[in-house]
Amino acid sequence: MKVLVIGNGGREHALTWKIAASPRVDRVFVAPGNAGTLEDAENVDISATDIPGLIKFAKLNGIGLTVVGPEAPLCLGVVDAFQGEGLRVFGPSKQAAQLEGSKVFCKDLLHQATVPSAEYRTFTDAESAEHYIQDRYPDPEQDCPVVVKADGLASGKGAIVCHSPAEALEAIDRIARAREFGGAGDKLVIEERLDGPEASVLAITDGRTILPLPPAQDHKPAFDGDQGPNTGGMGAYCPTPMVDSNTMDFVLSRVLLPTVHTLKKQKIAFRGVLYAGLMLTNQGPKVLEYNVRLGDPECQPLLMRLKSDLVDILDAVVDGDLKRIDEPVWDERPAVCVVMASEGYPGDYTTGHEIRGLAEAAAVPDVKVFHAGTKMQGDRVVTAGGRVLGVTAMGSSVSAAKLQAYTAVKAIRWQGAWCRKDISDKALALDSK
Ligand code: AMP
Ligand code: GLY
């Protein structure tokens with residue numbers, strides 16, 4: 001079978017690598033891919049959101065399965081368009097992708113499904129949102145425990161955590177008046193600010209059977225100790241001891257099952273990856289958000305540990321028959337992924353810097369260097385994005401995997417390269433308690 005992967009980040013490199021390892025697969029194409037996917041597959045120069053271009057390519061090349069990596073094409077309806085042409089594609093429909101594409105849709109659904117989540121209100125204009133804050137928090141000195149969120153897709157930057165009424169008003173201004181996130185700010189959600197560690201529980205579902213994947217933990221803030229601005233994710237590890245088996249049972253029965261069933265009642269069959277971003281509060285796990293695709297960078301350590309054939313699983317979902325799949329087999333060893341980024345990320349950064357040491361890093365045992373923002377320039381690999389590489393390693397323990405990942409990181413250099421030094425330390429802190 002020939003497979004097409006849509007996207008160009010670290011998640012898509014991990015998907016490509018795992019799909020290419022399947023004995024059922026002859027060729028893997030990636031649109032548009034990066035310098036890393038070129039090692040494991042063939043890149044095609046079509047953007048991830050050029051739906052007519054992708055369909056044309058799939059038809060001309062006899063693609064048997066297309067796997068969509070990022071949320072943007074899903075929210076644009078790439079799956080519906082492929083299905084309309086009789087093409088097999090893994091991912092949720094445009095309607096189901098609203099779970100990520102619209103915070104209002106997501107919050108309303110969580111409410112209908114009685115899934116534990118923050119209390120919320122939705123607004124369609126700045127004035128009523130401002131009145132709400134002014135009425136509830138009249139004293140400018142008082143704590144204002146809210147999070148103001150743009151409704152639509154905002155590359156993970158549309159959630160503003162507030163502590164004072166002034167911060168909340170400024171957040172409303174940025175989203176609904178200054179339109180910092182464009183049309184994503186047509187509506188906004190103001191919700192209760194929760195407290196606790198965060199974890200990611202991802203599941204694969206065909207809308208009936210739910211296959212939870214081992215829990216992972218991302219590191220969203222830019223700097224060590226969770227300081228600095230939020231990023232797309234500076235590293236992840238899997239499994240995380242933050243989510244024990246009782247918590248997993250709770251997430252399956254009280255979060256994932258009611259979500260999928262409530263969607264089904266609304267005639268929306270969710271087929272694809274359902275990713276619950278959780279906060280582990282004193283009152284139990286609560287959903288902060290849903291994503292409708294694999295997490296990046298959570299995907300890298302997750303897929304590195306998967307021993308079963310991923311293509312069998314994806315194929316069964318496309319057939320709506322996930323129940324035919326045996327429980328996947330996971331490597332016992334934990335995996336840690338350290339993201340190496342461009343100087344200045346998540347703010348402005350320059351690209352085109354030559355990356356050296358990739359072969360030395362790849363030679364470190366139990367390491368795979370997944371590429372994100374890279375491209376070929378002649379025969380050199382150069383930087384082409386903010387998050388550049390996801391250096392991923394397995395080890396007999398989380399600390400062994402961490403050591404291995406950072407050993408490989410040390411071999412890699414380019415002008416301005418940096419990474420967090422504390423990826424997975426939260427697991428170690430928990431273990432030593
Ligand atoms: P979201 O875009 O909804 O995933 O939010 C991005 C980040 O904002 C999350 O990973 C949390 O760190 C933070 N966040 C979102 N909602 C809340 C909440 N209700 N309480 C506290 N922090 C939140
Ligand atoms: N790791 C966060 C995300 O994929 O949205």
In order through the range 351-365: 3J(HN,Hα) via Karplus (6.51 cos²θ - 1.76 cosθ + 1.60), integer Hz, x for Gly, Pro: 10, x, 7, 5, 9, 10, x, 5, 5, 4, 5, 5, 7, 5, x
Listed pairs Lys220/Lys402; Lys59/Lys375; Lys94/Lys187; Lys368/Lys426; Lys94/Lys307 exceeding 24 Å between Cα atoms: Lys59/Lys375; Lys94/Lys307
Run through the DSSP bridge list for the chain and note the antiparallel percent, rounded to the nearest 5. 80
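Helix-only mean residue ellipticity at 222 nm, the chain, DSSP H runs n ≥ 4 weighted -39,500 (n - 2.57), per residue, nearest 500. What is it?
Calculated at 222 nm, the ellipticity per residue is -8500 deg cm²/dmol.
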Skipping prolines and chain starts, which residues have an amide H placed within reach, meaning under 5 Å, of the one on Phe29, given they are 5 or more residues away or on another chain? Val3, Leu4, Val5, Glu42
Yeah, the range 311-433 with a ≥ b ≥ c from its alpha-carbon gyration tensor (a/c under 1.5 is rounded, else prolate when a/b outruns b/c, oblate otherwise) is oblate
The alpha-carbon center of the range 368-433 and that of the range 69-125 are separated, in whole Å, by 31
Give the cross-link partners of Lys18 among the aspartates and glutamates, using a straight C-alpha distance below 12 Å as the criterion and excluding same-chain residues fewer than 8 apart. Asp40, Asp309, Asp312
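Show me 241-253, 303-315 ranked by packing, highest mean number of other Cβ atoms within 10 Å first.
303-315, 241-253
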In terms of Cα to Cα distance under 18 Å, which aspartates and glutamates are near enough to Lys264, apart from those fewer than 8 places away along the same chain? Asp80, Glu100, Asp108, Asp206, Asp319, Asp321
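Values in this text are rule-based calculations from the coordinates and carry no lab data. Because the structure is a prediction, the values reported are computed rather than measured. No Cβ is skipped: glycine too gets one built from the backbone with ideal geometry, and neighbour counts run over all protein chains shown.
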